[in-house]
Amino acid sequence: MRRTTVQAALQGVGSGAEARVMGWVRTRRDAKGFSFLEINDGSCLTNLQAIVDDGAQGAALLKELGTGAAVAVTGELVPSPGKGQRFELRATKLELLGPADSETYPLQKKRHSDEFLRTIAHLRPRTNKYGAMLRLRSALGQAVHAFFAARGFAWVQTPIITGSDCEGAGEMFRVTALSDAESCLPPGERASRDFFAKDAYLTVSGQLSAEPLALALGKVYTFGPTFRAEHSDTSRHAAEFWMLEPEMAFADLEDDMDLGEALLKHLVGVAVHDCAEDFALFAKYVDPSLPDTLGAILERPFVRLPYAEAVEILSKAGETFQFPVGFGCDLQSEHERYLTERHFKRPVVLYDYPKEIKAFYMRQNDDGKTVAAMDVLVPGIGEIIGGSAREERLDVLTGRIRELSLPMENYWWYLDTRRFGTVPHAGFGLGFERLVMLVTGIGNIRDVTAFARTWRHLEF
Ligand code: 4AD
Ligand code: MG
């Protein structure tokens, strides 16, 4: 279908010739002899104003046109005398593509609460805020690929269905073929019929599969859906989320921190500068401190601090935290936010965590107590990146697997990479939804993806 997008029309693309714009009516205002239609087609935040003369073809339809109706408007794009737009559409023809009953259309002109909009996740993309969020999300996803392509990383795809628990935290969803699950065979006999003839899960991280690829291609990244059965109703945990995971051979923890910082700065810059129109909505209506918070990310180096020093700062903070702090404790969101929002007022990269609270694959430091892990913490969110140097020494790695009583036989292929030509390597995972929360100021993970999956929520 020939059409001019609203975004193009607002820039005058196609002016001087006949233009045809299709979209959804946001508002209709009637004046004597003509009506104004505000049309949005999702290509940008701003609506296009169409002026439909009572004499235009199809003008009789105007009476039926309420918010939400889909229309095609043909006419001439002319410079607009009004404020806020450079061009407007003088209609010669109006077509009704899909009516919407304004009485029952759930999106009214007033401002709706986030809670209400979650109940109509199939329609909320038509609001300014969610349209802007989804366009930003798209731009960030594309920027991820551009960032890594420019640095010579290969994009690799790791399996969604896996046999091992990368993080060892037991937060996995099991995968079963329906025909197996419903089998009337007794459980003992059923196992041999189960689809994979072994336990299968949805991946919690692509890392274990990405490592062998990095140890062949040098620099790789994965970017895809990840699943965690976290039985907690927090604003930053989803059951299904996208994770971006770079993995680099011939790299140490410092290289890892450098990459994480460069990546975050780049992506925040894309949101602020390349998506200025959508970003402005969030800075105006969602979080007025957003430009300052993101400005600090863009302009200042991140703080880099050993975990032990962070614990010291926190224990001297004179704060009453809900969870007490001491060496060996897993830092909670309140601690992470204290460090980034009140103490340093910018992102903090914590490193050298106690080995007891980190995963088996992290490289052990010479002190025998800590591992070469790093988490990037940002204001408003807390942890946004988690990564480490990987344990590349076969004996140390197998020792750790034994110590933690993990099933050694499951890791034979992973251990092969340490048996044959092992090298220092490092990587991290960035939670994509948390990134979108950071750049929009949106406070709940359920509002930074089109159809969120969180504990107890699977409506759509
Ligand atoms: O710190 P995590 O658990 O690290 C890993 O999974 C590593 N294997 C990654 C790697 O080194 N390749 O998760 C990484 C990031 C977190 O920092 C957080 O941003 C995000 O993933 N994340 C979640 N985001 C939303 N909902 C959840 N339930 C999340 N769990 C982790
Ligand atoms: Mg983590």
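The set of residues from the range 218-263 being acidic (Asp, Glu) and in a loop (DSSP other than H, G, I, E, B) comprises GLU230, ASP233, ASP252. Checked against (1) within 16 Å of ligand 2 (Cβ to nearest atom); (2) surrounded by fewer than 20 Cβ atoms within 10 Å (Cβ to Cβ), PHE250 meets all criteria but (1). Of the helices (runs of 4 or more DSSP H) lying entirely inside the range 383-460, those carrying at least 3 residues that are crowded, with 23+ Cβ neighbours inside 10 Å and not charged (D, E, K, R) are 432-440. Of everything in the range 363-382, what is closer than 23 Å to LEU267 by Cα and either assigned to a strand (DSSP E or B) or free of Cβ contacts under 8 Å to residues at least 24 places away in the same chain (or both)? Give them in sequence order. The answer is ALA373, MET374, ASP375, VAL376, LEU377, VAL378, GLY382. For the range 264-306, the set of residues classified as of a type in the set (D, E, K, R), more than 29 Å from TYR353 (Cβ to Cβ) and in a helix (DSSP H, G or I) consists of ASP274, GLU277, ASP278, LYS284, ASP292, listed by residue number.
Number of residues in the range 7-54 that are under 12 Å from LEU89 (Cα atoms) and of a type in the set (D, E, K, R) equals 4.
Taking first residues from the range 220-239 that are near ligand 1 (Cβ under 10 Å from one of its atoms) and partners that are modelled with pLDDT of 95 or more and hydroxyl-bearing (Ser, Thr, Tyr), the Cβ contacts under 7 Å between residues at least 6 apart in sequence or on separate chains come to THR222/THR158; THR226/THR203; THR226/SER205; PHE227/THR203. More than 13 Å from ligand 1 (Cβ to nearest atom) and closer than 23 Å to GLN332 by Cα, is that true of GLY443? Yes. None of GLN332, GLN322 is away from ligand 1 (no atom under 16 Å from the Cβ) and under 26 Å from GLY443 (Cβ atoms) except GLN322. On the stretch given as the range 240-277, residues that are of a type in the set (A, V, I, L, M) and within 12 Å of ligand 1 (Cβ to nearest atom) total 6.
The values are calculated or read from the model by the stated rules, or taken from the named source; none is laboratory data. For clarity, every value in this text was computed on a predicted model and none was experimentally measured. For neighbour counting, all protein chains shown are included, and Cβ atoms are generated from backbone atoms with ideal geometry for every residue, glycine included.
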